[in-house]
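A short worksheet on the structure shown next.
Taken together, the values in this text are just the output of simple stated rules run on the coordinates, not laboratory data. These numbers were taken from a predicted model, which means no experiment stands behind them. Methodologically, a virtual Cβ is constructed for each residue, glycine included, from the backbone with ideal geometry; neighbour enumeration extends over all protein chains shown.
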Amino acid sequence: MQNEWLYIGLFLAIGVIVPIVPLIASRLLAPRKPNPIKQSTYECGIETVGESWVQFKAQYYIYALVFLVFDVETVFLFPWAIAIGKLPLFAVLEGIIFILILIAGLTFAWRKGLLEWA
Amino acid sequence: MTFWNDPINFIANWLGGVFAGWGMASGLVYVITALIGIVVIILFAMAIAIFLVWVERKVVARFQDRLGPNRIGPFGLIQPFADIIKLIIKEDITPDGADKLIFNIAPVMSLASVILIWAIVPLASNIYGVDINVAVLYLVAVGSFGTLSVIMAGWASNNKYALIGAFRMVATMISYEIPMVVALLIPTILSGTMSVKGITEAQTNLWFVFLSPLGLLLFLISAIAELGRSPFDLNEAESEIVAGFHIEYTGMKFGLFYAGELLHAFTFGGFMAVLFFGGYGGFFGLEKMTAFGWLANPFVELVIFLLKALIGYWVIMWIKYSMPRIRIDFMLAFNWKFLTPLAFVLLMITALMDKLLAPTQFYASGMFLSNVLLAWIVIELLRSFSKRERLAKEKPAEPVIQAAQH
């Protein structure tokens with residue numbers, strides 16, 4: 001069990017090193033002649049106006065809130081899904097009631113108009 | 001145990017014996033043999049990625065009625081190596097306003113997130129990195145690293161188009177991860193385990209695609225969305241935001257994003273095979289007969305797995321080159337108002353049917369029929385809804401025509 005996660009850890013280390021190798025090769029082989037025009041921001045060839053690091057539209061935020069509820073609660077479904085063969089019918093129905101509550105939440109958000117792109 | 005029956009363990013045991021003979025501690029021997037195995041798996045994955053560059057260019061050419069690369073080597077097979085050399089000797093430009101550290105980490109993380117998935121890919125019954133008991137969750141967790149790299153690239157570029165691309169990717173990811181997780185729950189319910197090897201072995205007699213065709217559809221759609229491929233390629237919509245999140249990347253850093261995307265698509269093709277098409281197995285018990293005993297060989301299984309993954313990859317490519325890009329509000333509405341409710345209804349039906357029908361002989365047919373019935377109900381609902389929408393749009397036009405006649 002520990003060996004499995006040690007293996008994943010080693011995999012992570014090598015998996016990070018492998019993409020770095022071509023970058024180092026590129027650093028050694030590629031020409032480097034920077035100038036201000038080359039290093040300016042590319043936005044269709046027009047000169048850049050204003051900051052890029054700005055606050056962004058809130059629609060994404062509302063979707064993220066709905067997502068958060070679902071994502072946290074679907075994780076609870078995995079243990080239930082594995083054990084379904086061993087559970088009594090009543091426990092399976094309880095899981096289904098849990099999903100129905102989730103769907104009720106989605107319906108609420110839908111009726112409230114949170115899922116509309118405004 | 002010979003090399004042909006169990007190559008990985010054979011080499012690992014042999015190497016372990018050699019290292020132990022040098023007087024190493026057993027923990028160190030494990031780490032070194034594991035490292036050698038990891039390097040082999042990753043190099044294998046990278047070789048596939050190089051091959052995929054050729055496949056992608058050749059197939060898109062055939063879709064567009066062109067020949068594709070055909071000058072360098074037979075059928076242009078050496079072309080990807082020429083591409084790599086070109087990318088390495090290109091000048092690497094970092095824009096002035098960029099956040100240099102994060103800008104440089106993002107492409108590495110993009111490829112590393114895909115390589116990490118290969119730790120659990122079951123290439124054959126005894127050729128795989130590691131068989132963890134939460135493999136399905138691991139797939140979702142590592143997949144979101146890739147999304148994080150897109151966000152990092154978009155934010156650190158200090159470019160408005162890149163930022164828009166990154167935010168679209170966030171919207172896609174947070175939406176389509178829910179049908180994705182539910183689609184992963186369905187093989188988990190059917191097989192009763194989260195280990196990919198267990199899921200593969202549970203399909204020895206019957207592939208899960210016959211038990212849950214709708215689950216496969218959900219997985220395919222949400223995998224394409226998570227890959228950011230057309231029709232969900234809003235994060236790099238080249239006709240409006242140039243190249244999206246990787247607009248400022250040049251040379252090998254762009255190459256890493258590109259290789260990561262291709263390998264990710266192939267890996268999802270492979271997981272489609274593992275979760276719904278029986279993974280490396282696929283003879284339905286034929287290999288148990290003496291005449292076909294040679295089919296139960298890990299190398300045969302490896303070829304079968306790679307073929308299935310290539311077919312899955314081809315389907316993803318086929319969809320990419322046939323579909324137009326959809327608008328972001330349609331994309332989100334499609335997920336939240338169609339895929340997510342469908343996914344949860346399918347999950348409830350699968351759980352209930354699995355519990356009620358598992359001991360009976362109607363298990364497979366009942367599962368399949370319930371899927372077909374659900375699909376039919378959904379199509380009917382969509383049809384009546386679109387009809388209502390159409391009528392609602394046509395109605396206000398009538399009084400205007402009457403007024404004109406008077």
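What helices does chain B hold that run 18 Å or longer along their axis, going by alpha-carbon atoms, with a Kyte-Doolittle average of 0.5 or more, using DSSP H for the helix calls? Result, helices passing both filters: B:7-21, B:26-63, B:100-117, B:135-156, B:160-191, B:213-227, B:251-276, B:298-322, B:340-357. Okay, which of segment A:69-84 sit inside 15 Å, backbone N to the point 7 Å along the Cα-Cβ direction of A:Leu114? Flagged as within label range: A:69-74.
Quick one: grab the alpha carbon gyration tensor of segment B:146-275, order the square roots of its eigenvalues as a ≥ b ≥ c, and give me rounded if a/c is under 1.5, else prolate or oblate depending on whether a/b is larger than b/c. Walk me through the numbers on the way to the answer.
Values: a/c = 2.91, a/b = 2.35, b/c = 1.24.
In terms of gyration-tensor shape, prolate.
When only alpha carbons are used to place a centre, segment B:133-197 and segment A:79-112 end up 23 Å from one another.
Sort A:Lys86, B:Lys197, B:Lys253 by Cβ crowding within 10 Å, fewest neighbours at the top.
On the way: A:Lys86 8, B:Lys197 21, B:Lys253 27.
Placing the least packed residue first, the sequence is A:Lys86, B:Lys197, B:Lys253.
For segment B:1-153, the relative contact order is 22 percent, taking Cα pairs closer than 8 Å that sit 6 or more residues apart in sequence and dividing their mean separation by the residue count.
Taking other C-beta atoms within 10 Å as the exposure proxy, A:Ser26, B:Ser212 rank A:Ser26, B:Ser212 from fewest upward. The mean number of partner chain beta-carbon atoms within 10 angstrom of a residue's beta-carbon across peptide B:78-91 is 2. In this entry, segment A:8-109 is assigned a mean projected area of 13.5 nm², taken as a quarter of its C-alpha convex hull surface. Mean per-residue shielding of peptide B:174-184 is 4, counting Cβ atoms of other chains within 10 Å of each Cβ.
Within 10 Å of the Cβ of each residue in A:24-32, the mean number of Cβ atoms contributed by other protein chains is 5. Using bins of 10 Å that start at zero, the share of Cα-Cα pairs per bin across chain B amounts to 4, 18, 27, 25, 15, 7, 2, 1, 0, 0, 0, in whole %. In this rough spin-label picture, where each label sits 7 Å from Cα along the Cβ direction, the B:Lys337-A:Val49 distance is 3.4 nm.
Between A:Leu29 and B:Asn70, take the C-beta separation as r, use R0 = 30 Å, and let me know the FRET efficiency to the nearest 0.05. Intermediate results must be reported in sequence, preceding the final value.
Details: r = 27 Å, r/R0 = 0.92.
The computed FRET efficiency comes out at 0.65.
Considering only B:Ile241, B:Ile88, B:Ile221, the Gaussian network model of chain B with Cα springs below 10 Å gives its largest mean-square fluctuation to B:Ile88. The mean sequence separation of alpha-carbon pairs under 8 Å and at least six residues apart, normalised by the residue count of segment B:120-183, gives a relative contact order of 21 percent. Note on B:Glu394 and A:Val72: their simple-model spin labels are 4.7 nm apart, each label 7 Å out from Cα toward Cβ. Shape class for segment B:17-62, computed from the alpha carbon gyration tensor (a ≥ b ≥ c): prolate, with a/c not under 1.5 and a/b above b/c. Helices that extend 27 Å or more along their long axis by alpha-carbon positions and average at least 1.6 on the Kyte-Doolittle scale are, among the DSSP H runs of chain A, A:89-111.
Using Cα springs under 10 Å in a Gaussian network model of chain A, which residue among A:Ile84, A:Ile20, A:Ile96 shows the largest mean-square fluctuation? Greatest mean-square fluctuation among the candidates belongs to A:Ile20. Can you tell me the equivalent ellipsoid semi-axes for the protein assembly as shown? Use √(5λ) from the Cα gyration tensor, largest first, whole Å. After scaling each eigenvalue by five and taking roots: 38, 36, 22 Å.
Taking a ≥ b ≥ c as the square roots of the Cα gyration tensor eigenvalues, with a/c under 1.5 meaning rounded and otherwise prolate when a/b beats b/c, else oblate, which class fits segment B:56-200?
Working: a/c = 1.97, a/b = 1.24, b/c = 1.58.
Judged from the Cα gyration tensor, segment B:56-200 comes out oblate (a/c at least 1.5, b/c at or above a/b).
Sorting B:Met323, B:Met353, B:Met169 on the 10 Å Cβ count, fewest up front, what's the list? Show your work: numbers first, answer last.
Working: B:Met323 14, B:Met353 20, B:Met169 27.
Exposure proxy ranking, most exposed first: B:Met323, B:Met353, B:Met169.
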